[in-house]
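Here the structure is laid out as structure tokens; the discussion comes afterwards.
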Amino acid sequence: MIKIFIDGEHGTTGLQIRNRLKIRNDLDILSIPEAERRNTSLRTDYLRMADIAILCLPDDVAQEAVQLLEGYATRIIDSSTAHRTAPGWVYGFAEMTKKQKHRISAAQYVSNPGCYPTGAIALIRPLRESGLLAADYPLSINAVSGYTGGGKQLIAQIEDRFHSNAIHANYFLYSLTLKHKHVPEIMVYGQLSKTPIFTPGIGRFTQGMVVCIPLHLRLLEKKVDLSVIYEIFCMHYQDQDIVEITSYKDVLATTRIDAEELAQTDRMKIYITGTDNTGIVNLVAILDNLGKGASGAAIQNLDLMLKA
């Protein structure tokens, strides 16, 4: 059987991946006890023994793990931000563009996307490839995620009201310097030449995410209405079953969009909202920050690589 090693299996993303894979009988899961997780020699042995290593580590530790595997045949899925725009790495968002699924399947090095970028790029890329959105369009990206996306420290701050740095807010914005670590991959894979204004937020719910990108139709490269934008998205995401485009009829009947609608799933849903006579549109993506935004995407990429 194919040997899989999850380096960092005791963190939030690693635990999710481990729990998902333990029920499978087609894989040999190599596992290090939590007490030995900092044993570099043992980790190195497991990394080099694995057919595919899934890195659920801080950026610097992920970079070290990749260095340990230089010259070895081990294929890598890295869930950190360390290699998302690095040369030689394939971006692990299979639905992003044509043939991306095949690139992932054949790759030795796959960078698992961030949760916010998955939603943002899903909304931007179809418009860029269609020529409707200029590379220097003044984009704003507004998003809110479930608090599990912040890892164990943030989870403790929100769930433990006696924590020394407890957070009592039901919703808060952060990264107020507008230099969030996810911006570079949004720009590269969204094919943008100007930095978008990205405002991320955290809500007091465990899993789920909503990403919004408002647009002025008069600033687009072609004169279009909402129905044209809808058709562009339908064509871009045809022949796959992960990203769903909500029908124009269903959008009109929708009174609210729930950030938790796709919690516990590995899918994404896109809403194209607005009305033609206003000249404005709001593109909305919902997903699970730990599903399609993290561990679910990693397993989708793993399954593609297993087909190689």
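The values are calculated or read from the model by the stated rules, or taken from the named source; none is laboratory data. Small disclaimer: the values here were computed from a predicted structure and weren't measured. Don't worry about glycine lacking a Cβ; one is built from the backbone with ideal geometry, like all the others, and counts go over all protein chains shown. SASA here: full protein model, heavy atoms, side chains in, ligands and nucleic acids out. Shrake-Rupley method; radii C 1.70, N 1.55, O 1.52, S 1.80 Å.
Let's see how each residue does on (1) closer than 24 Å to ALA259 by Cα; (2) without any contact (Cβ under 8 Å) to a residue 12 or more places away in the chain:
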residue: ARG128; (1), (2): no, no
residue: LEU133; (1), (2): no, no
residue: PRO138; (1), (2): no, no
residue: SER145; (1), (2): yes, no
residue: HIS163; (1), (2): no, yes
residue: THR195; (1), (2): no, no
residue: PHE198; (1), (2): yes, no
Task: Residues of region 165-224 classified as farther than 16 Å from THR118 by Cα, aliphatic (A, V, I, L, M), under 20 Å from the mean Cα position of the chain (by Cα) and open to solvent by less than 20 Å² (accessible area, probe 1.4 Å), total - done: 1
Task: Test: residue in region 126-135 that is more than 27 Å from HIS10 (Cα to Cα) and touching a His at 6+ places or on another chain (Cβ under 6 Å) - done: yes
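Can you find a residue that is loosely packed, with under 14 Cβ neighbours inside 10 Å, assigned to a loop (DSSP other than H, G, I, E, B) and of a type outside the set (Lys, Arg) anywhere in region 114-135?
Yes; the residues of region 114-135 include at least one that is loosely packed, with under 14 Cβ neighbours inside 10 Å, assigned to a loop (DSSP other than H, G, I, E, B) and of a type outside the set (Lys, Arg).
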- [ ] Look through region 254-295, keep the residues that are surrounded by fewer than 24 Cβ atoms within 10 Å (Cβ to Cβ) and of a type in the set (Gly, Ala, Ser), and return whichever of them is farthest from TYR237 (Cα to Cα).
- [x] GLY279
Open item on the list: Looking at the structure I just gave you, is TYR230 farther than 26 Å from THR275 by Cβ, in contact with a strand residue (DSSP E or B) (Cβ under 7 Å, 6 or more places away or on another chain) and aromatic (Phe, Trp, Tyr)?
Closed with: no
Open item on the list: With the requirement that a residue be farther than 17 Å from GLN100 by Cα, over 18 Å from the mean Cα position of the chain (by Cα) and either surrounded by fewer than 18 Cβ atoms within 10 Å (Cβ to Cβ) or of a type in the set (S, T, N, Q) (or both), what does region 231-248 give you?
Closed with: GLU231, CYS234, THR246, SER247, TYR248
Task: Residue in region 94-113 that is within 23 Å of LEU262 (Cβ to Cβ), in contact with a Lys or Arg (Cβ under 7 Å, 6 or more places away or on another chain), in contact (Cβ under 8 Å) with a residue 12 or more places away in the chain and open to solvent by 20 Å² or more (accessible area, probe 1.4 Å) present - done: yes
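Please state which one of ILE29, ILE6, ILE76 is free of Cβ contacts under 8 Å to residues at least 40 places away in the same chain, among the β-branched types (Val, Ile, Thr), crowded, with 21+ Cβ neighbours inside 10 Å and in contact with a strand residue (DSSP E or B) (Cβ under 9 Å, 6 or more places away or on another chain).
Selected residue: ILE76, the only one of ILE29, ILE6, ILE76 that is free of Cβ contacts under 8 Å to residues at least 40 places away in the same chain, among the β-branched types (Val, Ile, Thr), crowded, with 21+ Cβ neighbours inside 10 Å and in contact with a strand residue (DSSP E or B) (Cβ under 9 Å, 6 or more places away or on another chain).
This table checks each residue for (1) in contact with a Pro (Cβ under 6 Å, 6 or more places away or on another chain); (2) modelled with pLDDT of 95 or more; (3) open to solvent by 80 Å² or more (accessible area, probe 1.4 Å); (4) over 20 Å from ASP303 (Cβ atoms).
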residue	(1), (2), (3), (4)
ARG24	no, no, no, no
GLU34	no, no, yes, yes
ARG48	no, yes, yes, yes
ALA53	no, yes, no, no
TODO: Output yes when any residue across region 68-80 is of a type in the set (A, V, I, L, M, F, W, C), closer than 23 Å to LEU290 by Cα and modelled with pLDDT of 95 or more, and no when none is.
DONE: yes
Task: Qualifying positions in region 136-164 - of a type in the set (Ser, Thr, Tyr) and open to solvent by 40 Å² or more (accessible area, probe 1.4 Å) - done: SER164
Open item on the list: Residues that are more than 30 Å from LYS152 (Cα to Cα) and of a type outside the set (Gly, Ala, Ser): does region 256-266 have at least one?
Closed with: yes
